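Engineer: My questions will all concern the structure given below.
The values are calculated or read from the model by the stated rules, or taken from the named source; none is laboratory data. Here the structure is a predicted model, which is why all the values come from computation and not from measurement. Quick reminder, even Gly has a Cβ in these numbers, built from the backbone with ideal geometry, and neighbours come from all protein chains shown. Areas reflect the complete protein model, heavy atoms only, side chains present, ligands, DNA and RNA absent. Shrake-Rupley method; radii C 1.70, N 1.55, O 1.52, S 1.80 Å.
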Amino acid sequence: VRYTGRMLMWITTAALAAEPPILGVAELRNATGDPAYDAVTLSIGDLLHTRLAATEGLAVVPQDAVRDVSSELRYGVGGDVDPASAALVGGLVGARWLVTGTITSPGAPELLLSVRATHVGSGAVEY
């Protein structure tokens, strides 16, 4: 979660010229292979959502909206989702960017969090 500040700075800077940035945060994907980390993945996702929502000048779509649309479309959006799917889900919930991420374990007890933001209009991974 150390890189949250960099992401916030990038998104805020990129969006200042136009309208306020609206973000959707998808559920993070547990790619550790260990279901014991499912709760950790949810907690870190909630923390990321909370930190982004508390940032002045950002609007964040409720997590339930992203989950509902993901479920309806059967995308299971999260983690290493392809940019086209992220753009579709983000657009349907009214977000300009969809934040996705994956938690992996390069070796116990370390965890690695990989997060990216996909621009809904272009489908380009911008961070």
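Engineer: Suppose we filter the stretch 59-71 for residues that are out of contact with any helix residue (DSSP H, G or I) (no Cβ under 6 Å at 6 or more places or on another chain) and open to solvent by less than 80 Å² (accessible area, probe 1.4 Å); how many remain?
Structural biologist: Result for the stretch 59-71: 5.
Engineer: Using beta carbons and a limit of 6 Å, which pairs, at least six apart or on different chains, have the first residue in the stretch 50-71 and basic (Lys, Arg) and the second one modelled with pLDDT of 90 or more?
Structural biologist: Sorted first by the residue in the stretch 50-71, then by its partner, the list stays empty.
Engineer: Here is a follow-up. Say we look at the stretch 14-40 and pick out the residues that are assigned to a helix (DSSP H, G or I) and closer than 23 Å to residue 87 by Cβ; which of these is modelled with the highest pLDDT?
Structural biologist: Here is the first cut: in the stretch 14-40, the ones assigned to a helix (DSSP H, G or I) are 14-15, 35-40.
After this cut, where a residue has to be closer than 23 Å to residue 87 by Cβ as well, the list is 14-15.
On the way: 14: 52, 15: 49.
Restricting to residues being assigned to a helix (DSSP H, G or I) and closer than 23 Å to residue 87 by Cβ, the top hit is 14.
Engineer: Return yes or no: is residue 52 in a helix (DSSP H, G or I), open to solvent by 70 Å² or more (accessible area, probe 1.4 Å) and not polar (S, T, N, Q)?
Structural biologist: No.
The rows are residues; the columns are (1) within 13 Å of the chain's Cα centre (by Cα); (2) over 25 Å from residue 20 (Cβ atoms).
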{"site": "54", "(1), (2)": "no, no"}
{"site": "104", "(1), (2)": "no, yes"}
{"site": "107", "(1), (2)": "no, yes"}
{"site": "119", "(1), (2)": "yes, no"}
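Engineer: Residues being assigned to a helix (DSSP H, G or I), among the aliphatic types (A, V, I, L, M) and modelled with pLDDT under 80: count how many of those fall in the stretch 55-86.
Structural biologist: Within the stretch 55-86, residues that are assigned to a helix (DSSP H, G or I), among the aliphatic types (A, V, I, L, M) and modelled with pLDDT under 80 number 3.
Engineer: Okay, next question. Starting from residues that are within 21 Å of residue 44 (Cβ to Cβ) and of a type in the set (D, E, K, R), keep the ones in the stretch 84-125 and report whichever is least open to solvent (accessible area, probe 1.4 Å).
Structural biologist: Out of the qualifying residues, it is 116.
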